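To keep things clear, I will list the structure first and then write my remarks on it.
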Amino acid sequence: MLDLGSEFTLYGDAVRAAIEGVLETQRFVGGPPVEAFEAAMCERLGAAHAVAVSSGTDALLCALMALGVGAGDEVILPTFTFFATAGSVFRLGAKPVFVDVDPRTFNIDPGEVERAVTERTRAIIAVHLFGQCAEMDAINEIAKRTSETGLPGGVAVIEDAAQAIGATYHGRSAGTLGDAACLSFYPTKNLGGCGEGGMILTERDELAVVARQLRNHGQTGPYDHAMVGGNFRLDSLKAAVLSVKLNHLDGFTKRRRRNAAQYAELLSEVPVTRPFVAEGHQPVYHQYTILCQHRDALRAFLQDRGVGTGVFYPIPLHRQKCFASLGCGTVACPVAERLCEQVVSLPCHPMLSEEDVEYVSSCVCEFYSGARAEDMTTAAAARGGEG
Ligand SMILES: *Cc1c(COP(=O)(O)O)cnc(C)c1O
């Protein structure tokens, strides 16, 4: 699914030099490397403020804290996403309100958001899943309308852009489309660092100030704490490495898009549903995710032929045991439930060659060719008819 070793050969020397530079200074937390990385990110994405933090999860937590989300508040978010989106809300004593997603884009369904709004709604988290932006205009519109009638302070929109760095939405960058955005630099993300890392982006000056304070235990001056924050700081070594890797982001994104275009062509005759790209969207294919029948048999078939795959995600969040106390286990999210059974992500990383994509596609084709399909039906019948 990834070939970070081959990627490293493309920028290894520059990374070594950057690390060496930080070692010379013996300053390991914050400082010029972090400031330089923040500035480079603002420049690349066209954001007003970038606050580097310790992980994507902490970016979500810190952004929610900066927005004042806490006990009694409700935060609307998609049930089909990585755990951190909801975990961060829950940890603050607020209530994650899970809603269903669009069956084509897999992103939060604005119609469902609208239905989930209550007088307690404090924020909406839109996840740009697999690298394609959610329908931000519709979501911002709902937030704006609700702000006029709801809680004082209004309804904020947070983008969970952990999977979408470099994606655009009607020409604007993911990360600049709401009140605040959260990025992750986990090593497997499109801009992956050498360890944990994350970032909050925002256009709002006061939010950036508060996020910076929260990142450092809420310190407003030396040992002066106006609020309780955490240690959400980013290490200098990691920032220096990320600045080097940022130079390669656009090239790597191009390669992911090229792989996706090749899959789209080679899988056009196969009975699977290929990713849908909504109008005005330019995704970055953090994952190339198809919908298919006989998903688990397909995965085993591919595994036998040396092709790794992933299932993101097998269980919708409203069904997770840890949220049982919210009473959301019986909420109906039929689209997400079906996606959990049918999604499979194929390798799409930047180091794949054209031949690699051809090979993966040919294996998928082979699996769904007549003979195989018959075998599967027979095998399924033998197992008791589960499909
Ligand atoms: C990876 C990810 C996160 C969390 O980021 P970490 O850096 O791993 O803490 C949050 N949301 C989504 C959608 C992610 O993919």
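Quick look at the values:
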| item | result |
| --- | --- |
| Selection within segment 140-169 - surrounded by fewer than 23 Cβ atoms within 10 Å (Cβ to Cβ) and touching a Cys at 6+ places or on another chain (Cβ under 6 Å) | none |
| Candidates GLY21, GLY56, GLY12, filtered to the one that is at pLDDT 95 or above, over 30 Å from GLY154 (Cβ atoms) and either open to solvent by less than 10 Å² (accessible area, probe 1.4 Å) or within 15 Å of the ligand (Cβ to nearest atom) (or both) | GLY12 |
| Number of the condition not met by GLY221 [criteria: (1) open to solvent by less than 40 Å² (accessible area, probe 1.4 Å); (2) within 24 Å of HIS286 (Cβ to Cβ); (3) not charged (D, E, K, R)] | (2) |
| Entirely in segment 149-246, the strands (runs of 3 or more DSSP E) that have 1 or more residues that are in contact (Cβ under 8 Å) with a residue 40 or more places away in the chain | 156-160, 180-184, 198-202 |
| Candidates GLU38, GLU20, filtered to the one that is without any contact (Cβ under 8 Å) to a residue 12 or more places away in the chain and of a type outside the set (A, V, I, L, M, F, W, C) | GLU20 |
| In segment 59-83, residue farthest from ALA324 (Cα to Cα) [restricted to those that are within 9 Å of the ligand (Cβ to nearest atom) and open to solvent by 10 Å² or more (accessible area, probe 1.4 Å)] | PHE82 |
| Residue in segment 276-298 that is over 19 Å from GLY171 (Cα atoms), open to solvent by 30 Å² or more (accessible area, probe 1.4 Å) and assigned to a strand (DSSP E or B) present | no |
| Any chance CYS182 is among the hydrophobic types (A, V, I, L, M, F, W, C), open to solvent by 10 Å² or more (accessible area, probe 1.4 Å) and within 15 Å of the ligand (Cβ to nearest atom) | no |
| Count of residues meeting criterion [within 16 Å of the ligand (Cβ to nearest atom) and open to solvent by 10 Å² or more (accessible area, probe 1.4 Å)] in segment 35-53 | 0 |
| Qualifying residues in segment 260-271 (those that are surrounded by fewer than 20 Cβ atoms within 10 Å (Cβ to Cβ) and either part of a loop (DSSP other than H, G, I, E, B) or hydroxyl-bearing (Ser, Thr, Tyr) (or both)) - the one farthest from the chain's Cα centre (by Cα) | GLU269 |
| Qualifying residues in segment 305-319 (those that are farther than 23 Å from GLN262 by Cα and not hydrophobic (A, V, I, L, M, F, W, C)) - the one surrounded by the fewest Cβ atoms within 10 Å (Cβ to Cβ) | PRO314 |
| Those residues of segment 118-138 which are within 16 Å of the ligand (Cβ to nearest atom) and either free of Cβ contacts under 8 Å to residues at least 12 places away in the same chain or open to solvent by less than 10 Å² (accessible area, probe 1.4 Å) (or both), in sequence order | ALA123, ILE124, ILE125, ALA126, VAL127, HIS128, LEU129, GLY131, CYS133, ALA134, MET136 |
| Residue match in segment 203-224 (condition: more than 27 Å from CYS133 (Cβ to Cβ) and in contact with a helix residue (DSSP H, G or I) (Cβ under 7 Å, 6 or more places away or on another chain)) | yes |
| Some residue of segment 90-101 being part of a helix (DSSP H, G or I) and without any contact (Cβ under 8 Å) to a residue 24 or more places away in the chain | no |
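The values are calculated or read from the model by the stated rules, or taken from the named source; none is laboratory data. A quick note: this is a predicted structure, and the numbers were derived from the prediction, not measured. Because the Cβ atoms are built from the backbone with ideal geometry, glycine has one as well, and the counts that use them run over all protein chains shown. Note: areas computed on protein heavy atoms with side chains; ligands, DNA, RNA excluded. Shrake-Rupley method; radii C 1.70, N 1.55, O 1.52, S 1.80 Å.
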